[in-house]
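A short worksheet on the structure shown next.
The values are calculated or read from the model by the stated rules, or taken from the named source; none is laboratory data. Predicted, not measured: the structure shown is a model, and the values here were computed from it. So basically every Cβ, Gly included, is an ideal-geometry build from the backbone, and we count neighbours across all protein chains shown.
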């Protein structure tokens with residue numbers, strides 16, 4: 001009676017877990033090759049994945065390819081280092097048991113043959129898979145608890161390394177500088193897309209809009225920074241950096257700031273990359289409803305669009321072709337007005353008292369304000385609970401809420417005031433502010449203009465064709 005020749009496949013898996021543990025794939029391969037050689041089985045294919053087998057939601061490309069090849073009859077023997085290298089999912093194991101019973105699959109591991117065609121072999125395999133899964137669940141619980149303890153004490157988190165830091169919380173100078181530039185550029189007004197393009201080393205793009213040429217202005221201060229995956233940066237990855245409170249020196253767990261028993265944010269035991277003020281400034285801009293509802297993007301293409309104001313109604317003007325317009329009130333040539341504004345700004349930047357314009361950043365005061373705001377919010381929550389429990393009446397609850405909300409509003413105003421000027425500080429603190437302003441991207445220039453003056457555009461004088469600079473009212477701040 002003819003026997004079916006054995007055609008073997010080897011499956012390897014290395015767990016890239018957060019602690020850096022895991023069997024070396026090279027050692028797995030050596031052991032599996034020895035098994036095939038000792039049995040005289042030709043190896044028709046080798047499969048390898050670098051991912052955990054614990055989470056079924058994660059794709060294992062080579063595992064899926066191996067399953068398809070087996071179903072197509074490419075091999076009838078499978079060699080793996082251990083059963084938990086193949087799977088830690090009892091449901092997946094049952095699929096291999098079904099295959100062994102129906103098609104005669106031979107499964108061999110470095111720890112011995114698991115004959116899935118016998119009840120004893122199946123029992124061994126099932127016990128092995130159940131034990132491996134239970135151990136992974138216990139390990140996950142231990143790691144979760146350890147992470148919570150580290151976060152509560154302000155220690156650097158384990159796991160995926162954050163851009164700008166080592167796993168021990170030390171700064172990576174080049175990356176940290178890039179992260180700082182990302183925050184500064186976004187605070188200046190650059191879009192997530194433009195920052196991602198700058199990080200990826202892209203060049204400004206030029207496109208035709210009707211009879212005009214539009215150039216995408218990339219933030220010049222953001223240096224190219226390769227990603228760990230080698231793929232280009234995208235707006236989502238930039239957003240994850242901007243939303244991470246760790247860069248302001250606050251301990252974080254599961255995307256949220258960790259707080260102590262008083263509700264105060266826990267400070268991390270590492271050096272912040274950005275100040276509290278600019279981090280809060282960035283969060284304000286990210287949370288701005290106008291930004292979220294504007295699908296075309298919030299990045300401005302012109303110096304005064306949304307920044308200059310109509311001299312009649314006070315509303316922000318918009319760019320319309322080569323002009324600034326407030327519907328029904330004014331229509332002014334854009335380039336001539338920008339010229340007047342830039343001359344004023346450059347003259348102001350050359351003055352010796354420029355440093356006085358920068359508000360004194362007091363990060364300790366910002367932190368105290370954040371803590372005090374949270375205490376007032378907690379006060380409202382406690383009053384609401386007391387009202388529901390009928391411990392206080394509605395009038396007393398309303399009084400507490402009004403007092404707390406008034407206090408929160410006042411503290412928010414002060415905190416925003418402390419954060420003001422962060423967007424323009426890089427230019428104002430430069431050795432030559434005028435030169436720094438000339439080199440700056442559009443978003444940074446807009447931030448400086450907004451800090452130094454308020455611009456109101458009046459209608460052009462009737463009967464005069466020449467441009468009248470006095471129709472541009474500049475109000476120094």
Please determine whether any residue of segment 257-265 is farther than 19 Å from residue 167 by Cα, surrounded by fewer than 13 Cβ atoms within 10 Å (Cβ to Cβ) and at pLDDT 80 or above. no
Tell me, yes or no, whether segment 320-328 has at least one residue that is closer than 30 Å to residue 472 by Cβ, over 37 Å from the mean Cα position of the chain (by Cα) and at pLDDT below 90. yes
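Quick check on residue 235: is it surrounded by 13 or more Cβ atoms within 10 Å (Cβ to Cβ), modelled with pLDDT under 85 and under 14 Å from residue 185 (Cα atoms)? Walk me through it before giving the result.
Numbers: surrounded by 13 or more Cβ atoms within 10 Å (Cβ to Cβ): yes; modelled with pLDDT under 85: no; under 14 Å from residue 185 (Cα atoms): yes.
When the stated conditions are applied, residue 235 does not pass them.
Can you tell me which residue within segment 1-36, out of those that are over 44 Å from the mean Cα position of the chain (by Cα) and outside any helix (DSSP H, G or I), is modelled with the lowest pLDDT? Please lay out each step first, then the result.
Initial filter on segment 1-36 (over 44 Å from the mean Cα position of the chain (by Cα)): 1-8, 34-36.
Still in the running and outside any helix (DSSP H, G or I): 1-8.
Numbers: 1: 40, 2: 49, 3: 65, 4: 75, 5: 87, 6: 89, 7: 92, 8: 92.
Among those that are over 44 Å from the mean Cα position of the chain (by Cα) and outside any helix (DSSP H, G or I), it is 1.
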Filter segment 71-94 for residues that are part of a loop (DSSP other than H, G, I, E, B) and at pLDDT 75 or above and give the result. 72, 73, 74, 75, 76, 81, 82
Residue pairs within 6 Å by beta carbon, gap of at least six or interchain, first lying in segment 305-330 and under 15 Å from residue 341 (Cβ atoms) and in the same structural domain as residue 342 (by TED's automatic domain parsing), second exposed (fewer than 13 other Cβ atoms within 10 Å of the Cβ) and modelled with pLDDT of 90 or more, listed first then second, are none
Please tell me if residue 57 is over 27 Å from residue 103 (Cβ atoms) and either modelled with pLDDT of 70 or more or not in a helix (DSSP H, G or I) (or both). yes
